[in-house]
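One structure, pasted below without further comment.
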Amino acid sequence: MGVYNHYILVCGGTGCESAKSDQIYKNLIHECDKQEVHEKTQVVKTGCFGFCEQGPIVKVLPEESFYVHVEPDDAKEIVSEHIVKGREVNRLLYDKTESKKRAQIDEMDFYQKQFRVVLRNCGVIDPENINEYIARDGYVALEKVLFEMSRDDVIEELKKSGLRGRGGAGFPTWMKWNFTKKVENPEKYVVCNADEGDPGAYMDRSTLEGDPHSILEAMTIAGYTVGASYGYIYIRAEYPLAINRLKIAMEQAREYGLLGDNILGSGFSFDIEIRLGAGAFVCGEETALLRSIEGERGMPTPRPPFPATSGVFGKPTVINNVETWANVPVIMMKGGDWFAKIGTEDSKGTKVFALTGKIRNSGLVEVPMGTTLREIVFDIGGGIANGREFKAVQTGGPSGGVITKDYLDTPIDFIHLKELGSIMGSGGMIVMDEDDCMVDVSKFYLGFTVDESCGKCAPCRVGGRTLYNILDRITKGEGQMDDIEKIKTVGLAMQKASLCGLGQTAPNPVISTLTYFSDEYKAHIKDQRCPAGSCKALISYHILADKCIGCGVCARRCPVNAIEGEIRQLHTIDQDLCIKCGECQVACKFDAVYVR
């Protein structure tokens, strides 16, 4: 790699790619050639920068200029002004102040409280270039493990680190590896669970897109430690960019002698194969995933035996999710004690969250365990969008629960989330405001888990549908007060009797919202009213006589011609025709349309 005056980093994550960042990348290369600065300027396509709300993002080094909402046509100006003339393109900067003390990227509110371990290379290196990974200490951990550490040494460092599985359950990683290591069997496997399926979650996808070699390195370290010679990366087919970059990384690693036979001349051999999932949420459960790898239908099996002793093809198997794997090389390189200093007493290290919903700054956030919800939502996320009021955060996706404003200062870790009736999950964090109906939110998640249930066990198959039907009735104004007790009874039965984690945790969203928002449930049932104005069956739109000026804008906007009235006369809404789409309220500039 030559020495360059400037490096132009272009976000190449899925989100930015969908907003034409690939064309921005090509245009920047073209302009560098055209304006004859290509010999001293390198254009690099990286993984996700994390600040998804501002994408597509282009970062120019060494000035660390952070350009946001970049369009393909902006490439010419970035090169001509910044690269050629040395002047930043002020209109594209995230921080548009002209002060020489303009905040650097790590001083931005979005990044200031983050600590990147898992995402250490995302948005920094070209994920399709193994040399850039190696330049940032890539494969140093593998070399150290193969030539300086015994298998027991690796287990001991993991134990010191306190690393727990990031897929949801939080099981100690060292213990899982040690179980497999102790089993006497010449055939063992290592599996990466990349079947991320929670609504709003994309942490694992972005890690694979931005830093695929870290996963390969970690799995190879695990193979050496437990005595496995083969591994599988199980990834959903809906992640084509991540799959492509994994394939490139695997080819490069084999070429460099870092994967395959006799790795680095150590005598240890290990190789990896990609297996594509068809998008079944239940295959995120480890036993269902392993059945799918075998070519069987992805359905959970009773445990014990656990995969650590009897996994894929009935052989001892270590299985971890992407985020867990991404921590391993750093722990081996810097030591378990270093990692254990991050986070809390029970929950070590960092956690990556996909911060989405009614938030100003959506994106990928990696913070030390123990960071409070208030810091994530308001300091990093910038607070609630459109000046609305914070209502709750859903963590753990369909398996989790809500956290209300009363608990904003609660440290986010395994213990505290469980105490609040939620879970860490894989890391989805969906922010909700005053316009979100908690009954409807629960209905959405129940609908998701009902659709995704494999149907193997009755508690999940029947119980999930029963809960959904109850919630559906309540949102339509057909609920009864005894429905609340039925929800608790059915939910408890599902938690105790379901075969796998999908069924056991499916009631969590409804039980959690019922705990903290029981008044909303009662309003739906007793008063036939949705306080958030979200459930269509329980709301109606009306026009205020003292505010309507008869402009007719609402009538023209109505898709079903439900609004009548002469120009400069009071308009009315025909309730029989109204489909409650809310377009009239959006169109009215005089606040004459209200919901009742």
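The values are calculated or read from the model by the stated rules, or taken from the named source; none is laboratory data. It should be emphasised that the depicted structure is a prediction, and the values quoted were computed from it without experimental measurement. Cβ sites come from the backbone with ideal geometry, for glycine too, and all protein chains shown count toward neighbours.
Applying the selection to the range 241-270, what residues are farther than 27 Å from CYS11 by Cα and out of contact with any helix residue (DSSP H, G or I) (no Cβ under 8 Å at 6 or more places or on another chain)?
ASP261, ASN262, GLY265, GLY267
Among ARG303, ARG297, which is the only one that is over 21 Å from ALA169 (Cα atoms), part of a loop (DSSP other than H, G, I, E, B) and of a type in the set (Lys, Arg)? Before the answer, list the steps.
Numbers: ARG303 fails: over 21 Å from ALA169 (Cα atoms).
Result of the check over ARG303, ARG297: ARG297.
Can you tell me how many residues within the range 109-145 are surrounded by fewer than 18 Cβ atoms within 10 Å (Cβ to Cβ), within 14 Å of LEU258 (Cα to Cα) and aliphatic (A, V, I, L, M)?
Total meeting the criteria: 2.
Name, by its number, the condition in (1) more than 30 Å from LEU514 (Cβ to Cβ); (2) assigned to a helix (DSSP H, G or I); (3) among the hydrophobic types (A, V, I, L, M, F, W, C) that does not hold for PHE378.
(1)
Among GLU132, GLU81, GLU77, which is the only one that is in contact with a Lys or Arg (Cβ under 7 Å, 6 or more places away or on another chain) and modelled with pLDDT of 95 or more?
GLU81
Next up: Which ones in the range 415-455 are over 19 Å from VAL352 (Cα atoms) and part of a loop (DSSP other than H, G, I, E, B)?
LEU420, GLY421, GLU434, ASP435, ASP436, CYS437, SER453, CYS454, GLY455
Would a scan of the range 315-333 turn up a residue that is among the hydroxyl-bearing types (Ser, Thr, Tyr) and within 27 Å of LEU290 (Cβ to Cβ)? Walk me through how you get there before you give the answer.
Step one: filter the range 315-333 for residues among the hydroxyl-bearing types (Ser, Thr, Tyr), giving 317, 324.
Still in the list and also within 27 Å of LEU290 (Cβ to Cβ): 317, 324.
Yes; the residues of the range 315-333 include at least one that is among the hydroxyl-bearing types (Ser, Thr, Tyr) and within 27 Å of LEU290 (Cβ to Cβ).
The rows are residues; the columns are (1) of a type in the set (Gly, Ala, Ser); (2) within 26 Å of MET369 (Cβ to Cβ).
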| residue | (1), (2) |
| --- | --- |
| GLY55 | yes, no |
| GLU81 | no, no |
| ASP106 | no, yes |
| PHE110 | no, yes |
| ASN121 | no, yes |
| VAL140 | no, yes |
| ILE155 | no, yes |
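A follow-up question, please. Where residues in the range 371-397 are within 20 Å of GLY168 (Cβ to Cβ) and touching a Leu at 6+ places or on another chain (Cβ under 8 Å), which of them is modelled with the lowest pLDDT?
Going through the qualifying residues, I end up with GLY396.
Looking at the range 323-332, can you tell me whether even one residue there is at positive phi and either touching a Ser or Thr at 6+ places or on another chain (Cβ under 7 Å) or in a loop (DSSP other than H, G, I, E, B) (or both)? Lay out the reasoning, then the answer.
From the range 323-332, those at positive phi are none; that's our starting set.
The answer is no; no qualifying residue exists.
So, in the range 149-162, of the ones that are part of a helix (DSSP H, G or I) and not aliphatic (A, V, I, L, M), which residue ends up farthest from ILE415 (Cα to Cα)?
ARG151
With respect to LYS85, determine if the residue is loosely packed, with under 15 Cβ neighbours inside 10 Å and of a type outside the set (Asp, Glu). Walk me through it before giving the result.
Working: loosely packed, with under 15 Cβ neighbours inside 10 Å: yes; of a type outside the set (Asp, Glu): yes.
Yes.
Return the total of residues in the range 573-596 being loosely packed, with under 15 Cβ neighbours inside 10 Å, more than 19 Å from CYS535 (Cα to Cα) and not acidic (Asp, Glu).
Qualifying residue count for the region: 2.
In the range 417-435, what count of residues is obtained for those that are more than 20 Å from the chain's Cα centre (by Cα) and either over 19 Å from PHE517 (Cβ atoms) or at pLDDT 95 or above (or both)?
The qualifying residues number 0.
While we're here: Do we have ARG164 as buried (at least 21 other Cβ atoms within 10 Å of the Cβ) and either touching a residue at least 60 places away in the same chain (Cβ under 8 Å) or aromatic (Phe, Trp, Tyr) (or both) here?
Values: buried (at least 21 other Cβ atoms within 10 Å of the Cβ): yes; either touching a residue at least 60 places away in the same chain (Cβ under 8 Å) or aromatic (Phe, Trp, Tyr) (or both): yes.
So ARG164 fits the description; yes.
Hey, another quick one. Any residue at all in the range 377-391 that is of a type in the set (A, V, I, L, M) and more than 25 Å from GLN112 (Cα to Cα)? Steps first, please.
First, the residues of the range 377-391 that are of a type in the set (A, V, I, L, M): 377, 380, 384-385.
After this cut, where a residue has to be more than 25 Å from GLN112 (Cα to Cα) as well, the list is none.
Checked the range 377-391: no residue is of a type in the set (A, V, I, L, M) and more than 25 Å from GLN112 (Cα to Cα).
Separate question: Being in contact (Cβ under 8 Å) with a residue 24 or more places away in the chain and either at positive phi or assigned by TED's automatic domain parsing to the domain that holds ARG303 (or both) is the requirement here; does GLN528 meet it? I'd like the intermediate steps shown before the answer.
Details: in contact (Cβ under 8 Å) with a residue 24 or more places away in the chain: yes; either at positive phi or assigned by TED's automatic domain parsing to the domain that holds ARG303 (or both): yes.
Answer is yes for this residue.
Rundown of residues vs (1) within 19 Å of the chain's Cα centre (by Cα); (2) not assigned by TED's automatic domain parsing to the domain that holds CYS454; (3) not aliphatic (A, V, I, L, M), yes/no style:
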site: GLU273; (1), (2), (3): no, yes, yes
site: PHE281; (1), (2), (3): yes, yes, yes
site: ILE293; (1), (2), (3): no, yes, no
site: ASN320; (1), (2), (3): yes, yes, yes
site: MET332; (1), (2), (3): no, yes, no
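Also: Would you point out which residue out of GLY197, GLY138, GLY162 is at pLDDT below 95, touching a helix residue (DSSP H, G or I) at 6+ places or on another chain (Cβ under 9 Å) and of a type outside the set (A, V, I, L, M)? Steps first, answer last, please.
Values: GLY138 fails: at pLDDT below 95; GLY162 fails: at pLDDT below 95.
The conditions single out GLY197.
Are there helices (runs of 4 or more DSSP H) fully within the range 163-240 with at least 3 residues that are assigned by TED's automatic domain parsing to the domain that holds ASN320, over 14 Å from the mean Cα position of the chain (by Cα) and of a type outside the set (Asp, Glu)? List them. Walk me through how you get there before you give the answer.
Values: elements: 173-182, 203-210, 212-226.
So the answer is 173-182, 212-226.
Pairs under 6 Å by beta carbon, first residue touching a residue at least 24 places away in the same chain (Cβ under 8 Å) in the range 364-384, partner assigned to a helix (DSSP H, G or I) and of a type outside the set (S, T, N, Q), six or more apart or different chains?
Going by the 6 Å Cβ cut-off, the qualifying pairs are VAL365/ILE380; ILE380/PHE110.
Does the range 515-526 contain any residue that is under 15 Å from LEU467 (Cβ atoms), among the hydrophobic types (A, V, I, L, M, F, W, C) and under 28 Å from the mean Cα position of the chain (by Cα)?
No, the range 515-526 has no match at all.
While we're on this one: Collect the residues in the range 455-510 that are β-branched (Val, Ile, Thr) and closer than 29 Å to LYS580 by Cβ, keeping them in residue-number order. Walk me through it before giving the result.
Pass one, the range 455-510, residues β-branched (Val, Ile, Thr): 462, 466, 470, 474-475, 484, 487, 489-490, 505, 510.
Passing the criteria: THR466, ILE470, ILE474, THR475, ILE484, ILE487, VAL510.
Then there's this: Would it be correct to say that PHE306 is assigned by TED's automatic domain parsing to the domain that holds GLY162, within 29 Å of the chain's Cα centre (by Cα) and not aliphatic (A, V, I, L, M)? Please lay out each step first, then the result.
On the way: assigned by TED's automatic domain parsing to the domain that holds GLY162: yes; within 29 Å of the chain's Cα centre (by Cα): yes; not aliphatic (A, V, I, L, M): yes.
So PHE306 passes the test.
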